[in-house]
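Peer 1: There's a structure below that I have some questions on.
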């Protein structure tokens, strides 16, 4: 089954990379070549090492870990590039719509901000959880692979890819600059907090939408997706992966629930972004399971020797 999973994952990565390279000349974006080539090459190197350890050393657990890490490295950088290219389409910003949806649900983002600002210890916990994606992925891939749960790691990684592609497509068509900018807030409005992604993405979004030439170093690129929240999607996918491991189960439930709760503040997301990201994660997790490890049809039992075989008319 690892062969099927690898083919599906790498086919998706190659398709995204080729799409980006074909799209790039028609945009105002140029890239620092090494910032793309380096991570992709590292991902391919991991895949080759995985093949060696699986075929010649019979170390399937190490091979599973290398496979997943290679796919993460290669896809993350190509996915970031795709998100930047999608932003150049310059569709109308939808912040007013997302804010109105929050309000229609009775959700007051400013009240939530003030509640967290009044509890700096909670803001610190939120910030740490929000920034924990990469360490979590590394721990999950290694722990799941070496405990014989490589299938769970592969499902997580493939679901992350699917969630990213859907998020990028939707955010390209329905872009937004997120809550801090939409409401015109400044650090004076939240003196006890230091949101991780309140404004860091704004310069890139404006440059991409302006039509002016823009050189991007992908190693320093920012997350520019607002709706649906990819952070929320990743949190749920990592929670589901961690749930399959008895020692990781509750620590990963706690840290990822904190990450989900932190996303409106540290990511400047609308609540509707978070709900959409969670729903997307569930759909992509189910799709990944179906694609990588489809349920097998139970074989029809043969009639016992001497039993009558029914004859259809």
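Read-outs throughout are calculated quantities, based only on the coordinates presented, and are distinct from any laboratory measurement. Every value quoted in this text rests on a predicted model; they were computed, and no experiment measured them. Please note: Cβ atoms are built from the backbone with ideal geometry, for glycine as well, and neighbour counts cover all protein chains shown.
Peer 1: Looking only at residues in the range 206-244 that are assigned to a helix (DSSP H, G or I) and over 19 Å from the mean Cα position of the chain (by Cα), which one is nearest to residue 123 (Cα to Cα)? Full working, then the answer.
Peer 2: As a first pass, look at the range 206-244 and keep what is assigned to a helix (DSSP H, G or I): 206-210, 218-220, 230-243.
Those left that are additionally over 19 Å from the mean Cα position of the chain (by Cα): 206-210.
Values: 206: 28, 207: 30, 208: 31, 209: 32, 210: 34 Å.
Taking the candidates together, the pick is 206.
Peer 1: Here are the criteria: (1) closer than 26 Å to residue 281 by Cβ; (2) in a helix (DSSP H, G or I). Tell me which single one residue 203 does not satisfy.
Peer 2: (1)
Peer 1: So which residues in the range 120-156 are more than 19 Å from the chain's Cα centre (by Cα) and more than 17 Å from residue 243 (Cβ to Cβ), if there are any at all?
Peer 2: 120, 121, 122, 123, 124, 125, 146
Peer 1: Could you please find all residues in the range 116-136 being exposed (fewer than 13 other Cβ atoms within 10 Å of the Cβ) and in contact (Cβ under 8 Å) with a residue 24 or more places away in the chain?
Peer 2: 118
Peer 1: Would you confirm whether or not the range 231-242 contains a residue that is without any contact (Cβ under 8 Å) to a residue 12 or more places away in the chain and within 21 Å of residue 149 (Cα to Cα)?
Peer 2: no
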